[in-house]
There are 2 protein chains.
Amino acid sequence: MKKVKVYITLKESVLDPQGQAVAGAMHHLGYQEVKDVRIGKFIELEIDSEEEIDDKIRAICEKLLANTVIENYRYEIEEGVPQ
Amino acid sequence: MKKVKVYITLKESVLDPQGQAVAGAMHHLGYQEVKDVRIGKFIELEIDSEEEIDDKIRAICEKLLANTVIENYRYEIEEGVPQ
């Protein structure tokens, strides 16, 4: 079993209204030193497969998890998760 | 300027219906080897501060970013982001 961590973030050129709203809330709470907030997704997968795992993860990310028009994705594969 | 990466995940004991829905979609696409999906948030902050930065990040996480009843958070601080 492999544990895969997927990070999905908006492309730099894409406006992040959610991040801006959170930044505004932080300023409202008194944290003026927060200059920028970008919000993304962090997805943990457990995959019971050894072959072509990179191809599978890329396909899953591109078909399902990320909107590649406006989002980037990257992933990390962790070794054997105990059964 | 410091870049902080915050990871917010549901506590182990908390059901993740969103993750289950995504897992179902993956199975539907033919990826039966995906055994579990957990969905969280990945937030990138830029903070223009040096003093007590850990205290500030913890306060921001606990007051605003994470619902500590059902979520865990962890963070990483990266050194100087070029101005």
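A few remarks follow.
- Rule-of-thumb Rg ratio for the stretch A:2-78 [Cα; 2.2 N^0.38 Å; N residues]: 1.38
- Average Cα contact separation per residue, chain B, under 8 Å, 6 or more apart, as relative contact order %: 55 percent
- Lysine pair count for chain B with Cα-Cα distance under 28 Å and sequence separation of 8 or more or different chains is 18.
- Label zone at B:ASN67, where the point sits 7 Å out along the Cα-to-Cβ direction: the stretch B:1-45 residues whose backbone N lies under 19 Å: B:7-22, B:38-43
- When the Cα gyration tensor is reduced to axis lengths a ≥ b ≥ c, the ratio a/c is 1.5 or higher for the protein assembly as shown, and with a/b above b/c it is classed as prolate.
- Proximal charge balance of B:ARG58 [Cβ under 12 Å; K/R count +1, D/E count -1]: -1
- The stretch between B:GLU76 and B:MET1 holds 25.6 nm of extra length on full extension. This uses 0.36 nm per residue minus the Cα-Cα distance.
- Take the Cα of A:HIS28, step 7 Å toward its Cβ, do the same at B:GLU50, and the gap between the two points is 3.2 nm.
- With at most 13 other Cβ atoms within 10 Å, longest stretch of chain B clear of loop GluC sites (Glu not before Pro) (DSSP): B:13-49
- Taking Lys and Arg as +1 and Asp and Glu as -1, the other residues whose beta-carbon sits under 13 Å from that of A:ILE43 total 0.
- Residue-level result for chain A: its Cβ closest to the axis carrying A onto B, with that distance in Å, is A:PHE42, 2.
- Across the stretch B:2-17, computed HN-Hα scalar couplings (Karplus, 6.51 cos²θ - 1.76 cosθ + 1.60, θ = phi - 60°) run 10, 9, 10, 9, 10, 10, 10, 10, 5, 4, 3, 6, 8, 5, 10, x Hz from first to last residue, x flagging Gly and Pro.
- Residues listed by number, the stretch B:36-76, amide nitrogen under 16 Å from B:GLN20 label point at 7 Å toward C-beta: B:36-39
All of the numbers you see were taken from the coordinates with simple rules; none came from a lab. Values in this document were obtained by computation on a predicted structure and should not be read as measured data. Every residue, glycine as well, gets a Cβ built from its backbone with ideal geometry; the counts of neighbours run over all protein chains shown.
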